[in-house]
Amino acid sequence: MKKLSILLTLFIIGISVNAQTVFTKADTLRGSLNENRDWFDILKYHIYVEPNIEKKSIAGVVIWKAKQVKAAKKIQVDLQQPLIIDSIKINNATPGYEFADLNAKKVSFVRNENIALVDPGPTNFKNEFVLYIYYHGIPREAVRPPWDGGWIWKKDANGKPWVSVACQGLGASVWYPCKDIQLDEPDQGASVSMKIPEGLKLISNGRPMKEDRPNYYSWQVTNPINNYNIIPYIGDYIGWNEKYKGLKGDLDIHYWALREDSAKARKQFTQVPEMLKAFEYWFGPYPFYEDGFQMVQSPHLGMEHQSAIAYGNKFGNGYLGRDLSGSAQGWGLKWDYIIVHESGHEWFANNITTKDIADMWVHEGFTNYAETLFTEFYYGKEAGNEYTYGLRKRISNIKPIIAHYGVNEQGSGDMYSKGAVLIHSIRQSINNDSLFRSILIGLNKDFYHQSVTTSQIENYISKKSGVNFSKVFDQYLRTTQIPSFTYSYDDKEKILTYQWKNCITGFDQPLHFKYNGQQFDFLPLDYQPQKRLIKLDNFNEVEFGDAIKKLYYVQINIEK
């Protein structure tokens, strides 16, 4: 028995060790701002690619315009296998550089799995330089897009090609060579140019550029943009336009649907102006008026591709016909999940972008909460509360929301629902909806077109609200513990004894709620036991706890 016990112990230890995440050098190269990345800042990408739809291959050149900010080292180029780099050239940034590599110098490089290290040689860049990267190959094909990313080679109902890419998480380097890290967006935007088979169209981010060459399409976005958001859509598209009178004037809206689906799309996409109205109210102006807004039917469920939202929700409300909140009233079936959620990312993910994907709760938590705000805007505050409460069943609490930094690791999937519930709880603790709304608008104004850390967002909310939420953020983002509001009630003395349990030291979230027509304000609520006189007849301990639990993501524990 002793030997069996020892073997069992060793087996359990082995499982624990194996369960720990092991990071490789490749993870660090992809996820960190190392010496071969930190000396230059990407200004613009020009992507010239010709896809061969029959062979599922691509070939082309991607041009980087970059600014030298410190002494030059080697240049890390990210391009995922099996794509092949043919050659690389370098030059000063001179007028017309995007059309020809005249006078550019061919440079040597060493390929190591999914990166290439380029030796720029003696540098005389005059601050800005241009890198020409020629490449070709058969890129990774998506198995289950958008979750398992890559190129998507499909056909529409009429048998015509329908092609796109989904690469969030996997990385934009799955289809074009780039500096594949979120913290360095091209400050001057990007352009995409492709030669497309006769009878098809290319749709991409921003606005179309004039093209004189047959079957060539070119698009350009002028604002900073995440690498993974730069996406081509190729298909037999029908398009139509409208103008939305928004907070910054007329916003050009463009819709694109496959020819056979255009009638259904025209009906369903009428929700887009409704979405813009709600989100401009809560978050401030749409962040990319210069590039317009597009809703593009895609061969996968959806993605927040900046100024060209991917839509694949089958032209129905909910999430493929389901209410993700599971609310009894079916609030999530009142609107199209993909139109609302993916468009919400224009503010949180595209306007405000996290430097490290470990902090992606800022993208997903706020955008998930945007669903609540949309529901509240059109159906009332109680509807929003019910929608948020329903999201809790989707929380697993298996691991913390925030992941390891510098190794290209995303946090727990709880960044969605738990992130939204956290924001809702903080809103209740602020106890001032006008102030809360001003914080959301302020975030998008003060961090306009910036990449940020979660610390910046956390500190901003604490400063603007006047409430120190540092322990609250630590509790919900960095642990899996659900705080327990523990209390007992002395009916004779009318005394409520209460405290926080199952929480980090110093957890002190304020609580504001109503019970039996009376307002309760626990400010601040310390984690040490406290007593309070409660002058209420027929005090119901369960209902009292439910009043708290419906607004705050806490457990309720009644002690006798």
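The values are calculated or read from the model by the stated rules, or taken from the named source; none is laboratory data. Because the structure is predicted, anything quoted here is derived from the model rather than measured. Neighbour counts are summed over all protein chains in view; Cβ atoms, including those assigned to glycine, are modelled from backbone coordinates with ideal geometry.
Gly199 fulfils the conditions (1) farther than 26 Å from Phe374 by Cα; (2) part of a strand (DSSP E or B); (3) not hydrophobic (A, V, I, L, M, F, W, C) except for a single criterion, (2). Just so you know, in the range 110-143 the residues that are of a type in the set (Lys, Arg) and modelled with pLDDT of 95 or more include one that is nearest to Pro51 (Cα to Cα), and it is Arg140. Free of Cβ contacts under 8 Å to residues at least 60 places away in the same chain and under 18 Å from Gln428 (Cα atoms): does that describe Asp491? Against the criterion (free of Cβ contacts under 8 Å to residues at least 60 places away in the same chain and under 18 Å from Gln428 (Cα atoms)), Asp491 does not qualify. With respect to (1) over 30 Å from Gly206 (Cβ atoms); (2) at pLDDT below 95; (3) part of a strand (DSSP E or B); (4) of a type outside the set (Ser, Thr, Tyr), the lone exception for Val107 is condition (2). Per the conditions (1) touching a strand residue (DSSP E or B) at 6+ places or on another chain (Cβ under 7 Å); (2) crowded, with 21+ Cβ neighbours inside 10 Å; (3) under 21 Å from Leu202 (Cα atoms), the sole criterion not satisfied by Glu304 is (1).
Rundown of residues vs (1) within 28 Å of Lys179 (Cα to Cα); (2) not hydrophobic (A, V, I, L, M, F, W, C), yes/no style:
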position: Ser307; (1), (2): yes, yes
position: Asn313; (1), (2): no, yes
position: Gly321; (1), (2): no, yes
position: Ala328; (1), (2): no, no
position: Leu333; (1), (2): no, no
position: Glu342; (1), (2): yes, yes
position: Phe348; (1), (2): yes, no
position: Thr367; (1), (2): yes, yes
position: Ala383; (1), (2): no, no
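Taking Thr222 as the residue in question, decide whether it is in contact (Cβ under 8 Å) with a residue 40 or more places away in the chain and surrounded by fewer than 18 Cβ atoms within 10 Å (Cβ to Cβ). Taking the combined requirement at face value, the residue satisfies it.
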